[in-house]
Amino acid sequence: MFFAGVVIAGFDARLAKRLQPGQHIVVDDFPGLRLVASTSGHAWIYRYNAAGSMRQIKLGQWPALSLPAAVAKWKDIKDARSLGTDPAIERKAARKVKEQVYTVAQAVEDYITGHLFTNRQPVGANAVAARLRKATQSIANRYYKNVLWSPSYFAASCGGAPLSVIKQYVEQQDRPL
């Protein structure tokens, strides 16, 4: 292990507790595995080089994630990398998908296109659509990040179905009589 320029033979929890934010311990037997201290705590990080750039991926918080558990995660990620995947890019892509939310503005637009223009005369539909769009601006500001409901509530109420499946389901419903 490496600490402030000194190679250390084994992992020492007492030494890890004394790490200051910005310092880290490198585990020699497992290339790229390190314990990094920050103001919010200590975390196991795996650093690696992929396509000529340095990447890192957080394995978990220490001491909740022990050294043997961190080594097991390190090995899993290293094995996945040997198969040609890049775990940092995969996690980033998964977060982007997770961040997609249904906003107030989207709900209003879906209502306008899916109901108003199919069930009203064009003049009336245009007038109501204009009013709704104007009201949406003030309504949207009342919700956190312009989101009508939290992603966790939405996923739980819909069984985790993707937005495209839910939209398709809504579009396939019969119009009211």
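So the values come out like this:
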{"quantity": "In order through the range 125-130: 3J(HN,Hα) via Karplus (6.51 cos²θ - 1.76 cosθ + 1.60), integer Hz, x for Gly, Pro", "calculated": "5, 5, 5, 5, 4, 4"}
{"quantity": "Residues of type aspartates and glutamates that Lys167 reaches as a straight line, Cα spacing below 13 Å, ignoring anything fewer than 8 places off in the same chain", "calculated": "Glu109, Asp110"}
{"quantity": "Residues Tyr169, Tyr48, sorted so that the one with the fewest Cβ neighbours within 10 Å comes first", "calculated": "Tyr169, Tyr48"}
{"quantity": "Highest to lowest packing among 20-27, 32-39, 70-77, 116-123, scored as the average C-beta count within 10 Å", "calculated": "32-39, 70-77, 20-27, 116-123"}
{"quantity": "Cα convex hull volume per residue for the range 2-85 (Å³)", "calculated": "99 Å³"}
{"quantity": "Distant-in-sequence amide H partners of Gly60 (H built 1.01 Å from N, under 5 Å)", "calculated": "Trp44"}
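The numbers here are math on the coordinates, done by the rules we state, and not lab data. In this text the structure is predicted, and so the values were computed from the model without any measurement. Virtual Cβ from ideal backbone geometry, glycine too; neighbours counted across all protein chains shown.
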